[in-house]
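What follows is a short report on a single structure.
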Amino acid sequence: MNSTYEVIFDIGEVKDGLFDHDPELNGSLIPCLIESCFGESCVTTVLSGPQLICCKVRTDKNLQETADAIVKKMEQVCPHIAMIHESGDEERINYKLGEKSSVHVSLKNEEEQPQEENDEVDYSVFSNKEELDDIIKNINNLIGWDSFKQFVNEAVPVVADMHKRDSLDSFKAQNYLFSVNDGCGLTRVINLLTLFEVELGVFTKKFYFEFVLSDETQGRKINVKDLLNILYDKENYDKLVCLDISEFMVKSKQRELKDLLLEISHVSGNFNFVFRVPYIEPHELKKIEDSLSDILFIKTFTIPPFSDKEIRQYAERMLDPLRLEMEEDAWEVFFARIREEKSDGRFYGLRTVKKVFDETVLLKHQADARNRGASDDIIRREEIKPLSVTYGVQGKDAFDELSEMIGMEKITERIREIVAQVEVSIQNDKLERPCMHMRFVGAPGTGKTTVARIVGRVFAEHKLLSNGYFFEYGARDFCGEYIGQTAPKTAAICRDAYGSVLFIDEAYDLYRGGVGSENDYGREALTTLISEMENHRDNLVVIMAGYKAEMEKLMQGNAGLRSRMPYLVEFPSYTKEQLAQIFMLMAEKHFACQKELKPAVEQYFDELPQSYISSEEFSNARFVRNLYERTWSKAAMRAQLNGLKEVVLCQEDFFAAKSEKEFSEKLTTGRNRVGF
């Protein structure tokens, strides 16, 4: 039987406290530490502020076992900080962090009271109890949005009593602040909230406005002047207004936002306002809440991004009316595609999930059409494999694949050394397990991304990572658009990559930009990233890649980063012979090739000036791929014009490709000019 415990980190008011001295133990990341003990789905963060952090943990452990798990995790993350037992009994255990700090930790047993139906609610004050019940049912059926559901269920008896006392205007004066990312169902929630308040008798019109506050009016965007024109039009009274104020979170817009709120206060009794900002850090959300609360009565809801469990729940609900089910192996393909969607930093929540779902269903029906008369209600892995380009691509041992790559002999040996060291440390209790994070340095096109992808599989095959998936991001993908958005965004990216490889190309871009720049959140992202790397060092591999000199500057400028990334893997540029080999490997893998092609390719690369190959401008294998793709494009056109069914790469196709300016001008680079 599971029990629920309240875990409180009381940081206190002392300015010179533990958290100031130890950036690893950042207060906003304490919930992540607790989640790593019990699992994300078992932990609810009730409060995460600068002085107090409160989480609720649901687990099958008893109180002492729960405390022991947290103590053990603290020892792993910050071995130099002791959790000192102060007092305890069957209901509560108290600790202090370190001898000299002001930080106290307490765990309290919280008995869950069975929820009883409130028979004392007088539903006669509502016009249509059945309609109200139906709306509440739809709200309770939402995926996520737990705090909002709780508010709705608690509001019914409150509003019923306010009807009797004729004090409904006080409920009507309440406005809302939602901290929620795009694609989490805000529009549906606004629609349900509108219907809910109409059935409660708070408003009479089942219509609402939804705007994005901006500098100009276009589409859903609206400027302040046009918004005020709508609000002062009496025809629009008695409606809910949802206003996305994300663009006005920057300091330069705060005065303008405050002026707007003062104008809104004059008509607030005629509207119900919902203000929306992205999912941001609690202390930044508190600033916005305080700013709004100076003028309006505000209730705040924080809606975390959807977990994999919630995404699956959403997809299963869409399968039900289609009378379809998905086998477990097929779910692996589905989530491989979800990971691909997330890996470019452009994941739009349920909208993206719906897109992937529609592709899944289409692939199922196409498979049934190919197997006439063999259709059924089960979506199988083989039927939807085309959904993901990364699922099941590995057919051979990861080290074998690495060894077959041209010019990767030393790289392969280095990866073997790293794996061996980590394995030995795990087997020997006297050795501390090293961080597995790495730096890949070298010119573009030298195979860093490809090797990083294989490293995930290597570590999974050797049981060093639980999944071995691959997530690729650019440095700026970690940065939010607004104050307070960066740390949660970075933490969410890392959370997706737990058990896998997180690859960051040109990571030093996080360190560029002036200190204190309003729009540069790279340093904040780097701080959060470092904490995640330490807290999840046993089940997350972060690989930062880029030029050697730039990576060295990044290490020098960030204390503690080098020690957390102990492995340096250098990728040398390819030789002329290797470049020709790579070209022929690509060509022969997909096409038949005439024997004259290979000598022409070898001659071309042999004539490339060494000064160009050694320059930062040269993109190594990317340059080769571009030339190869231009060659087979020429061959494909020639085959079409001559009515040939098979495309064969010939010497003339290569000559046509290399004669284009992008490739021909490189042959002249470095040659001595003669004459005038």
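The values are calculated or read from the model by the stated rules, or taken from the named source; none is laboratory data. Note that the structure is a prediction, hence the values are computed from the model and not measured. Every residue, glycine among them, receives a Cβ derived from its backbone with ideal geometry; neighbour counts consider all protein chains shown. Note: accessible area is taken over every heavy atom of the protein model, side chains too, but ligands, DNA and RNA are not part of it. Shrake-Rupley method; radii C 1.70, N 1.55, O 1.52, S 1.80 Å.
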Mind checking the angle between helix 254-265 and the chain's longest principal axis? C-alpha axes, 0 to 90 degrees, to the nearest 10.
-> 40 degrees
Amide H neighbours of residue 568 at under 5 Å, excluding residues fewer than 5 places away on the same chain, with H built from the backbone geometry, are 439
Among the trypsin sites (Lys or Arg not before Pro) within segment 603-654, which fall in a DSSP loop and have no more than 12 other Cβ atoms within 10 Å of their own Cβ?
-> 645
Applying the Karplus parametrisation 6.51 cos²θ - 1.76 cosθ + 1.60 with θ = phi - 60° to the phi angles of segment 326-337, what ³J(HN,Hα) value in whole Hz is obtained for each residue in order, glycine and proline being reported as x?
-> 10, 5, 4, 4, 5, 4, 4, 5, 4, 6, 4, 5
The chain: calculated mean residue ellipticity at 222 nm from DSSP helix runs of at least 4, using -39500 (n - 2.57) = -14000 deg cm²/dmol
May I ask for the angle, rounded to the nearest 10°, between helix 63-77 and the longest principal axis of the chain, with both axes built from Cα atoms and the value confined to 0 to 90°?
-> 40 degrees
Too long at a 27 Å Cα-Cα cut-off: which of 489/553; 206/355; 129/164; 56/489?
-> 206/355
When the label point is put 7 Å from the Cα of residue 163 along its Cα-to-beta-carbon vector, which residues of segment 184-215 have a backbone N closer than 14 Å?
-> 196-204
Where Lys and Arg each count +1 and Asp and Glu each count -1, what net charge lies around residue 586 among other residues with Cβ under 14 Å from its Cβ?
-> +1
Amide H neighbours of residue 506 under 5 Å, at least 5 residues apart or on other chains, H built in the peptide plane: list them.
-> 545, 546
For segment 439-484, the percent of accessible surface on carbon and sulfur atoms (probe 1.4 angstrom, ligands and nucleic acids excluded) is 47 percent
If each K or R counts +1 and each D or E counts -1, the residues other than residue 650 whose Cβ falls under 15 Å of its Cβ total +1
Grab the Cα-Cα distance for residue 60 and residue 410, subtract it from 0.36 nm times how many residues apart they are, and report the gain in nm with one decimal.
-> 121.2 nm
Gyration tensor on Cα atoms of the chain, a ≥ b ≥ c root eigenvalues, a/c under 1.5 rounded, else prolate if a/b beats b/c, else oblate, says prolate
Determine the dipole magnitude for the chain: charges of +1 sit on the beta-carbon of Lys and Arg, -1 on that of Asp and Glu, nothing else is charged, the reference point is the Cα centre, and the result goes in debye to the nearest 20.
-> 2540 debye
List every residue whose amide H lies under 5 Å from the amide H of residue 272, counting only residues 5 or more places away in sequence or on a different chain, with H placed 1.01 Å from N in the peptide plane.
-> 239, 240, 241
Can you pull the one-decimal nm distance between simple spin-label points at residue 661 and residue 221, each 7 Å off the Cα toward Cβ?
-> 3.5 nm
Carbon-plus-sulfur fraction of the accessible area of segment 543-676, 1.4 Å probe, in percent?
-> 50 percent
Segment 465-604: C-alpha gyration tensor shape, a/c 1.5 cut-off, then a/b vs b/c | prolate
In percent, how large is the relative contact order of the chain, given Cα pairs closer than 8 Å and 6 or more residues apart?
-> 10 percent
Decide, for segment 272-411, between rounded, prolate and oblate: order the square roots of the alpha carbon gyration tensor eigenvalues as a ≥ b ≥ c, take rounded if a/c falls under 1.5, and otherwise choose prolate if a/b is larger than b/c, else oblate.
-> oblate
Tell me, what is the 1.4 Å probe accessible area of residue 164, in Å² to the nearest 10?
-> 120 Å²
Quote to one decimal, in nm, the extra length available between residue 309 and residue 72 on full extension: 0.36 nm per residue of separation minus the C-alpha distance between them.
-> 82.6 nm
Taking Cα atoms only, helix 349-370 is inclined relative to the longest principal axis of the chain by an angle, in degrees rounded to 10, of 60 degrees
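Please work out the FRET efficiency for the pair residue 614 and residue 390, using the Cβ-Cβ distance as r and a Förster radius of 35 Å; give the result to the nearest 0.05.
The computed FRET efficiency comes out at 0.55.
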Any idea how far apart residue 354 and residue 423 come out in nm if each label point goes 7 Å out from Cα toward Cβ?
-> 4.8 nm
For segment 275-292, in residue order, the Karplus 3J(HN,Hα) values (coefficients 6.51, -1.76, 1.60; θ = phi - 60°; whole Hz; Gly and Pro = x) are 9, 10, 10, x, 5, 10, 4, x, 5, 6, 5, 4, 4, 5, 4, 5, 5, 5
Given charges at Cβ of Lys, Arg, Asp, Glu: segment 532-626 dipole, positive-most of 574, 558, 584 = 558
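Determine the gain in length on full extension of the stretch residue 235-residue 129; use 0.36 nm per residue of separation and subtract their C-alpha separation, reporting nm with one decimal.
Numbers: separation 106, 0.36 × 106 = 38.16 nm, distance 2.83 nm.
Length gained, residue 235 through residue 129: 35.3 nm.
Rank-order 439-452, 579-592 by packing density, defined as the average count of other C-beta atoms within 10 Å over each peptide's residues, highest first.
439-452, 579-592
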How far is it, in nm, from the label point at residue 466 to the one at residue 539 when both lie 7 Å from their Cα along the line to the Cβ?
-> 0.3 nm
Quick one: Karplus J couplings for segment 487-500, per residue in order, coefficients 6.51, -1.76, 1.60, θ = phi - 60°, nearest Hz, x for Gly and Pro?
-> 4, x, 5, 5, 5, 5, 4, 5, 4, 4, 8, 4, x, 9
